[in-house]
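Have a look at this one before I ask anything.
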Amino acid sequence: MGITQTQRPTREWPLLVLALALVCAICIPLWQWSAGHDVGGDQWAKWTPERLGRLLLGPEQIACYCCFTWAGFILLSRYAEVYRQRRAFRLDLLPTDEGVRILPEDARPLQRRVDQIAARGGPYILANMIRLALGKYAVSRSSQDVSDAVRTQAEVDLGRLVTTMSTVHYLAWAIPALGFLGTVRGLSGGLSMAGKVNEEMQSFIDQATRHLTVAFDCTLIALVLSLILMFLVHSVQRDEEAVVIDCQQYCLEHLVNRLYELEPVPE
């Protein structure tokens, strides 16, 4: 039996598609209309294979592609791990029938049962949270202590997930830095042409323009890749945090709220 979720992250994708369709339906006709009134109207003819090659290929662009691909593989593996963690909600780690109460004497047997079930599919955040909470209940016999243990473990899991994303965050920072490195290289190459003004003017303009084009192309590719990567990072982090929050909610619904509190004996 799963937990009740008030919001599913996958609902944002249809909204993204709708927003893209609406923007494209408005902007593309306006763009075509404005391009039709441009003098010459042949700006697309300038995008030759050579120009596209200089835009997409280069030392800095290839380095950005490597960083982006590496980060993409890391995010893909983490998304697969999120999907695997979701399977723990279907393992029936705790009794979910109505009216079931958990006594202090039931904590250790339930703990062993959770360990046996979780050992089949690998470590689960939910199973580890339940195991720690049951161990706390077996010792303290207090539902408040169990609730605090669940909250503390959820904070630990969230902190661990944030820490393990450090490599991806570094790559997301490195991509625009590589783009700016290409920009500096292109600008320095363009400025180095200043001493050759006395040569043929057309050759000077062509070479200076090529250097400046390299500068802006590197920045463009790096910023586009950085925007895509940051969106993917945000999506994966949101799903990971949602898993931990859902685990905490599962423990509150099926463990903390079912604990049997013994009434204190009056002195």
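Scan the stretch 72-128 for residues that are polar (S, T, N, Q) and more than 20 Å from ALA242 (Cβ to Cβ) and jot them down.
Answer for the stretch 72-128, where residues must be polar (S, T, N, Q) and more than 20 Å from ALA242 (Cβ to Cβ): THR96, GLN111, GLN116.
For ILE130, are the conditions met, namely being modelled with pLDDT of 85 or more and crowded, with 20+ Cβ neighbours inside 10 Å?
yes
Still on this structure, please answer the following. Out of curiosity, is GLN61 touching a Leu at 6+ places or on another chain (Cβ under 7 Å), modelled with pLDDT under 90 and open to solvent by less than 70 Å² (accessible area, probe 1.4 Å)?
no
List, please: which pairs have Cβ atoms under 8 Å, are six or more places apart or on different chains, and start with a residue in the stretch 130-150 that is at positive phi and end with one that is open to solvent by less than 60 Å² (accessible area, probe 1.4 Å) and not charged (D, E, K, R)?
What qualifies is ARG141/PRO104.
Condition check ((1) surrounded by 19 or more Cβ atoms within 10 Å (Cβ to Cβ); (2) closer than 30 Å to ASP92 by Cβ; (3) in contact (Cβ under 8 Å) with a residue 60 or more places away in the chain; (4) out of contact with any helix residue (DSSP H, G or I) (no Cβ under 6 Å at 6 or more places or on another chain)) across all residues:
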residue: ALA222; (1), (2), (3), (4): yes, no, yes, no
residue: LEU227; (1), (2), (3), (4): no, no, no, yes
residue: SER235; (1), (2), (3), (4): no, yes, yes, yes
residue: ASP239; (1), (2), (3), (4): no, yes, yes, no
residue: ALA242; (1), (2), (3), (4): no, yes, yes, yes
residue: CYS247; (1), (2), (3), (4): yes, yes, yes, no
residue: CYS251; (1), (2), (3), (4): yes, yes, yes, no
residue: ASN257; (1), (2), (3), (4): no, yes, no, yes
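A further question on this structure: Residues of the stretch 70-86 being of a type outside the set (D, E, K, R) and under 20 Å from ALA118 (Cβ atoms), which ones?
ALA80, VAL82, TYR83, GLN85
Right, another one. Would it be correct to say that GLU261 is modelled with pLDDT under 85, open to solvent by 10 Å² or more (accessible area, probe 1.4 Å) and over 28 Å from SER77 (Cα atoms)?
For GLU261, the condition - modelled with pLDDT under 85, open to solvent by 10 Å² or more (accessible area, probe 1.4 Å) and over 28 Å from SER77 (Cα atoms) - is met.
Further question: Give the residue that is modelled with the highest pLDDT, with candidates limited to residues of the stretch 118-127 that are open to solvent by 20 Å² or more (accessible area, probe 1.4 Å) and farther than 16 Å from GLN249 by Cβ.
Step by step, filter the stretch 118-127, then rank; the result is PRO123.
Scan the stretch 133-158 for residues that are within 28 Å of the chain's Cα centre (by Cα) and among the hydrophobic types (A, V, I, L, M, F, W, C) and jot them down.
ALA149, VAL150, ALA154, VAL156, LEU158
I've got another one for you. If you scan the stretch 99-115, which residues turn out to be under 15 Å from CYS251 (Cα atoms) and part of a loop (DSSP other than H, G, I, E, B)?
VAL100, ARG101, listed by residue number.
Which residues, counting only those in the stretch 64-98, are open to solvent by less than 30 Å² (accessible area, probe 1.4 Å), assigned to a helix (DSSP H, G or I) and within 30 Å of VAL139 (Cα to Cα)?
Answer for the stretch 64-98, where residues must be open to solvent by less than 30 Å² (accessible area, probe 1.4 Å), assigned to a helix (DSSP H, G or I) and within 30 Å of VAL139 (Cα to Cα): GLN85, ALA88, PHE89.
If you don't mind, there's one more thing I want to ask. Given the conditions (1) assigned to a helix (DSSP H, G or I); (2) modelled with pLDDT under 85; (3) acidic (Asp, Glu), and given that GLU199 satisfies all but one, which numbered condition is not satisfied?
Evaluating GLU199 over (1) assigned to a helix (DSSP H, G or I); (2) modelled with pLDDT under 85; (3) acidic (Asp, Glu) leaves (1) as the failure.
Against the condition aliphatic (A, V, I, L, M) and at pLDDT below 85, how does LEU55 come out, does it pass?
So LEU55 fits the description; yes.
The values are calculated or read from the model by the stated rules, or taken from the named source; none is laboratory data. Every value quoted in this text rests on a predicted model; they were computed, and no experiment measured them. Backbone-built Cβ (ideal geometry, glycine too); neighbour counts: all protein chains shown. Side chains included, ligands, DNA and RNA excluded: accessible areas come from the protein's heavy atoms. Shrake-Rupley method; radii C 1.70, N 1.55, O 1.52, S 1.80 Å.
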